[in-house]
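The values are calculated or read from the model by the stated rules, or taken from the named source; none is laboratory data. Every value quoted in this text rests on a predicted model; they were computed, and no experiment measured them. Cβ placement follows ideal geometry from the backbone for every residue including glycine, while neighbour counts extend to all protein chains displayed. Quick note on the areas: whole protein, heavy atoms, side chains included, nothing else; ligands and nucleic acids left out. Shrake-Rupley method; radii C 1.70, N 1.55, O 1.52, S 1.80 Å.
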Amino acid sequence: MKVFIAGATGVLGRRLIRQLTVRGHSVVGQVRSARSESIVQALGGNPRHADLFDAESLAKASGRLRHP
Ligand SMILES: NC(=O)c1ccc[n+]([C@@H]2O[C@H](COP(=O)([O-])OP(=O)(O)OC[C@H]3O[C@@H](n4cnc5c(N)ncnc54)[C@H](OP(=O)(O)O)[C@@H]3O)[C@@H](O)[C@H]2O)c1
């Protein structure tokens, strides 16, 4: 399953990335900084930059799920 996680570096997001990737799911984690990008990668996810208050950036980051 392909999963998009907003807030991927938060308390919930970090745990979700780990739990989903160890079960073989493909996880895209929304991030806002280079530091967060490294965190998502280290947990096994694929980081994509977006801001939740910027609809265009969010659509672009999540939309790529359908067109890998
Ligand atoms: N933890 C709980 O037990 C719990 C329980 C019930 C509900 N919730 C709700 O679930 C949500 C996540 O909780 P959490 O504990 O994981 O929160 P958290 O640890 O504070 O993490 C927040 C996450 O959201 C990201 N974020 C914040 N503003 C953003 C924006 N404008 N655009 C993009 N990303 C943004 C942060 O990214 P950066 O790293 O870039 O700042 C971070 O990854 C919250 O709404 C919280 O109220 C949490």
Considering each residue of region 11-34, count those that are surrounded by 19 or more Cβ atoms within 10 Å (Cβ to Cβ) and either hydroxyl-bearing (Ser, Thr, Tyr) or in contact (Cβ under 8 Å) with a residue 40 or more places away in the chain (or both), and give that number. 0
Residues located in region 49-64, provided they are closer than 17 Å to residue 1 by Cβ and either surrounded by 14 or more Cβ atoms within 10 Å (Cβ to Cβ) or of a type in the set (S, T, N, Q) (or both): 62
In contact (Cβ under 8 Å) with a residue 40 or more places away in the chain and open to solvent by 50 Å² or more (accessible area, probe 1.4 Å) - does that describe any residue in region 35-43? no
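Condition first: within 12 Å of the chain's Cα centre (by Cα), away from the ligand (no atom under 11 Å from the Cβ) and open to solvent by 40 Å² or more (accessible area, probe 1.4 Å). Now tell me which residues in region 1-10 satisfy that.
Across region 1-10, the qualifying residues are 2, 4.
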